[in-house]
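What follows is a single structure, written as structure tokens, with notes after it.
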Amino acid sequence: MAGSIALAALAPALALAAEGTAEREPAGFEGWVARHKIPVGDAVTALVEFVKHHGAGFFDGLSVVVRGSIDAVLSVLLAIPAPALILAVAALAWWLRRSIPLAIFVVLALAFIINQGYWIATLETLSLVLVAATTSTIIGVPLGIASARRPRLHAAMRPVLDLMQTLPTFVYLTPTLVLFGLGVVPGLISTVIFALPAPIRLTHLGISSVPASIREAGEAFGATRLQLLLKVELPSAAPTIIAGITQCIMLSLSMVVIAALVGAGGLGVPVVRALNAVQVGMGFEAGLAIVLLAVILDRMTRSTDEAGPQ
């Protein structure tokens, strides 16, 4: 619902901008080139329609899996009483970082979110972030390892990763919206596309940066390729890989507002409502809740080498 309202509110402005662009059609050489336009947009539209028509069963099944995963995580979070969940997150923060100030900050930040009335929205956002970050990590870390082992694969993946990182989010949000419809599924798919390059690139960097002397020592002791990966390369590259996962979580969280435009729910919904109704207070409250959640996740998931004093 929020996605429909936001898109409806943006439609007049987009139409006006399109009209203004059409009126400024260049003349001369530029006009001749523009009149012989290569039909890139038409080709992509035809491709999306072809995929939608012939892959309806696959996309319906994928939607069920994605929606079921997010609903399952959200159900678990909602089933835990808020005080118990806050204490559990604080205990996890202390166990990961051994920092009492961080645990106190977690308790105060989550209590403040409840006080402002955004607890359910925060849990919805957290569910989306956890599923998206987990999916990106499961896909990205093996691809990063494979690209570090195979330079040709890395060379082939590099332009694709560059495109995923530089392409505006709304460009690939549109085809996912066409394929999956309004709801949490296109929001999650777009979030995964946006966050996936981080674990791939940093895993590749970590594995490639393992000193040759360490690899040679493992080979000298008769380690197989799998043993070399599990016992030598991954432990040595762990800080860089964890940094990639942390960045993946932050990128996933940064998509909450855009995902709300297509009905994903969570903390992005009040931000979109505040934008449509020009309610500064609501926008600031929801934005502050997003910031607090981002700080908590960042402090809890960053590597030990980067953590430093809390």
(request) Would you point out the residue of the range 96-152, among those that are among the basic types (Lys, Arg) and in a helix (DSSP H, G or I), that is nearest to Ile70 (Cα to Cα)? (result) Arg97
(request) Filter the range 81-95 for residues that are in a helix (DSSP H, G or I), open to solvent by 60 Å² or more (accessible area, probe 1.4 Å) and more than 14 Å from Met300 (Cβ to Cβ) and give the result. (result) Pro83, Leu87
(message) Six or more apart or on different chains, Cβ atoms under 6 Å: show the pairs whose first residue is in the range 105-128 and within 16 Å of Pro270 (Cα to Cα) and whose second is in a helix (DSSP H, G or I) and open to solvent by 50 Å² or more (accessible area, probe 1.4 Å).
(response) Gln116/Glu285
(request) Out of Val269, Val256, Val295, Val291, report the one residue that is of a type outside the set (Gly, Ala, Ser), within 19 Å of the chain's Cα centre (by Cα), under 30 Å from Leu87 (Cβ atoms) and open to solvent by 60 Å² or more (accessible area, probe 1.4 Å). (result) Val291
(message) Quick check on my filter: what residues within the range 192-214 are farther than 24 Å from Val66 by Cβ, open to solvent by 10 Å² or more (accessible area, probe 1.4 Å) and among the hydrophobic types (A, V, I, L, M, F, W, C)?
(response) Leu202, Leu205, Ala212, Ile214
(message) Being within 22 Å of Trp119 (Cβ to Cβ), free of Cβ contacts under 8 Å to residues at least 24 places away in the same chain and open to solvent by 30 Å² or more (accessible area, probe 1.4 Å) narrows it down to one residue among Gln279, Gln227; which is it?
(response) Gln279
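The values are calculated or read from the model by the stated rules, or taken from the named source; none is laboratory data. None of these values were measured; they are calculated from a predicted model. Ideal geometry is used to build each Cβ from the backbone, glycine not excepted, and the neighbour counts take in all protein chains shown. The area values use the complete protein model at the heavy-atom level, side chains included, leaving out ligands, DNA and RNA. Shrake-Rupley method; radii C 1.70, N 1.55, O 1.52, S 1.80 Å.
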